[in-house]
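*Asks:* One structure follows; several queries about it will come next.
Values quoted throughout were computed directly from the atomic coordinates according to the rules given, and no laboratory measurement underlies them. Note that this is a predicted model, so its numbers are computed, not measured. No Cβ is skipped: glycine too gets one built from the backbone with ideal geometry, and neighbour counts run over all protein chains shown.
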Amino acid sequence: MTPESAQDAKAGRRTGLPSWRTGKPDAFLAAAVDTARQAVETIAKPGEIGAHIGAKSEGDRVVTHLFESKLAGYGGWQWYAVVTRNSRSKVVTVNELGLLPSEDSILAPEWVPWAKRVRPEDERPLVEESVEEVSEESVQADEDDASASDDDASDDDEASDTLEESGAAMDESGTSDNNGAG
């Protein structure tokens, strides 16, 4: 337990809640929990939104509502909706929606630049054999294999050309034109 969380426990605060600005939230906006929940439901399924955690004042007539996240893989995260209103107005406007981590959330580790991530074993050459280990016989064998496969491909091309030249075309009735047979 960290010293901050011990102080939170003594003060009666729940862990995982962000430290809020002091000040009393606008009563009308703080009561707009249903409006905030409906707004969050536009970006999340209703089953992914948990209980209302609280409302915090962000300034004059600006309140952030926090909801527990039940989204798989986002334990400890919180949905939020920032609501506001004009002076003397009873119309609530939603300004911002999203998902935020709390102190209890699992987060990705700090990013480390590539130059600092490379280890000596990562710098091995990709090819294990050196140039001196390649013999003339292995090079000749590779060349022979490549020329043999080229010869096979050219034989296939010649065979298809011969079929096209033989005039084995079908007429509209489905019979062959070749040599008048059919």
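*Asks:* For a quick check: with amide H placed at 1.01 Å from N, whose amide H comes under 5 Å from Ile53's, ignoring anything fewer than 5 positions away on the same chain?
*Replies:* When sequence neighbours closer than 5 places are left aside, the close amide H contacts are Leu66, Phe67, Glu68.
*Asks:* Taking the simple approach of a point 7 Å from Cα along Cα-to-Cβ for both Asp144 and Leu100, what is their distance in nm?
*Replies:* So the label points at Asp144 and Leu100 sit 7.4 nm apart.
*Asks:* Taking a cut-off of 21 Å between Cα atoms, list the lysines near Lys24, but don't count ones fewer than 8 places away on the same chain.
*Replies:* Once the sequence-local lysines are set aside, what remains near Lys24 is Lys56, Lys90.
*Asks:* If you filter the stretch 37-83 for trypsin sites (Lys or Arg not before Pro), then keep DSSP loop positions with at most 16 other Cβ within 10 Å, what is left?
*Replies:* Listed in order of number, the matching sites amount to none.
*Asks:* Long-range amide H contacts for Asp26: which residues qualify at under 5 Å (H placed 1.01 Å from N, peptide plane, sequence gap of 5 or more or a different chain)?
*Replies:* It is Arg61, Val62, by chain and number.
*Asks:* Karplus couplings for the stretch 72-84 from phi (6.51 cos²θ - 1.76 cosθ + 1.60, θ = phi - 60°), rounded to Hz, Gly and Pro as x?
*Replies:* Taking θ as phi minus 60°, the curve returns 4, x, 10, x, x, 7, 9, 6, 9, 9, 9, 10, 8 Hz for the stretch 72-84.
*Asks:* Among the lysines, which have Cα under 18 Å from the Cα of Lys70 when same-chain residues fewer than 8 positions away are ignored?
*Replies:* Cross-link targets: Lys45.
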